[in-house]
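Data block below; observations after.
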Amino acid sequence: MSIAEQRGGAAPQAAPDLIKETTTQTFVKDVIEESKHQPVLIDFWAPWCGPCRQLTPILEKVVRAAKGKVKLVKMNIYEHPSVAGQLGIQSIPAVIACVNGQPADGFMGALPESQVTAFIDKLTKGVPG
């Protein structure tokens, strides 16, 4: 079973480079380095988290709709707890936006699609598509 299936979402279709899984080992490359080129959302989740399974398909849909203005990097904190701990993540789902290598904004909990869209719109204001 794929991670997407475990989380209750469909497997990624188009633009796989916009959405990816990361690990403790690849976090700096996938998030910090990439955020120097465009905003990167980090989705901290775990397989047993019900609200995470609600939020992930919404995040994926809104990131795809942004057409390259933002990337989504998903981190399973059950398998990779150290980065979440270093960032002070105490509950999930948690989404942190990184811009220019630094955490810039974020939210906790499963938000409705309209609020996730507004969050990404605010984050990417002025970012060329």
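The values are calculated or read from the model by the stated rules, or taken from the named source; none is laboratory data. All figures in this text were calculated on a predicted structure; none of them were measured in a lab. Don't worry about glycine lacking a Cβ; one is built from the backbone with ideal geometry, like all the others, and counts go over all protein chains shown. Please note that ligands, DNA and RNA were not included when accessible areas were found on the heavy atoms of the full protein model with its side chains. Shrake-Rupley method; radii C 1.70, N 1.55, O 1.52, S 1.80 Å.
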task: Using Cα positions and a limit of under 19 Å, work out the aspartates and glutamates in reach of Lys69, with same-chain residues fewer than 8 apart set aside.
output: Asp17, Glu21, Asp30, Glu33, Glu34, Asp43, Glu60, Asp105, Glu113, Asp121
query: What number, in percent, do you get for the relative contact order of the chain if the mean sequence gap of Cα pairs under 8 Å and at least 6 apart is divided by its residue count?
result: 32
statement: Calc'd 3J(HN,Hα), the range 17-22, phi into Karplus 6.51 cos²θ - 1.76 cosθ + 1.60 (θ = phi - 60°), Hz, glycine/Pro = x, comes to 6, 7, 9, 8, 8, 10
message: Between the range 94-129 and the range 17-78, how far is it from one alpha carbon centroid to the other, in angstrom?
response: 11
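Loop-only trypsin sites (Lys or Arg not before Pro) in the range 58-112, please: DSSP not H, G, I, E or B, and at most 11 other Cβ atoms within 10 Å. Kindly include the intermediate steps, with their values, before the conclusion.
Numbers: sites: Lys61, Arg64, Lys67, Lys69, Lys71, Lys74; in loops: Lys67, Lys69.
In loop regions of the range 58-112 (DSSP not H, G, I, E or B), the sparsely surrounded trypsin sites (Lys or Arg not before Pro) are Lys67.
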statement: With Cα springs under 10 Å, the Gaussian network model of the chain assigns the largest mean-square fluctuation among Asp17, Asp43, Asp30 to Asp17
Solvent-accessible area per residue, Å², over the chain with all protein chains present [probe radius 1.4 Å]: 52
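Taking the Cβ of Leu18 as the center, what net charge do the other residues with Cβ under 15 Å away carry, scoring Lys and Arg +1 and Asp and Glu -1?
Numbers: positive: Lys20, Lys61, Arg64, Lys67, Lys69, Lys71, Lys74; negative: Asp17, Glu21, Asp30, Glu34, Asp43, Glu60.
With Lys, Arg at +1 and Asp, Glu at -1, the net is +1.
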field: Free-standing Cys, the chain [no other Cys Cβ under 4.7 Å]
entry: Cys98
- prompt: Given H placed 1.01 Å from N in the peptide plane, which residues other than close sequence neighbours of Glu21 have an amide H under 5 Å from its amide H?
  reply: Lys74
query: Considering only DSSP beta bridges whose two residues both sit in the chain, what percent are antiparallel, to the nearest 5?
result: 55
field: Top of Leu41, Leu111, Leu59 by mean-square fluctuation, Gaussian network on the chain, Cα under 10 Å
entry: Leu111
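With runs of 4+ DSSP H residues as the only contributors, calculate the mean residue ellipticity of the chain at 222 nm using -39,500 (n - 2.57) per run, divided by the residue total and rounded to the nearest 500. List each step's numbers first, then the result.
Numbers: 4 runs with 37 residues, N = 129.
The per-residue figure over the chain is -8000 deg cm²/dmol.
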- prompt: Given H placed 1.01 Å from N in the peptide plane, which residues other than close sequence neighbours of Ala104 have an amide H under 5 Å from its amide H?
  reply: Ala97, Cys98, Val99
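Assuming 1.567 mPa s and 4 °C, estimate D for the chain with Stokes-Einstein, Rh taken as the Kirkwood radius over Cα pairs, in µm²/s. Please list the in-between numbers first.
Working: Rh = 14.4 Å.
Translational D for this selection: 90 µm²/s.
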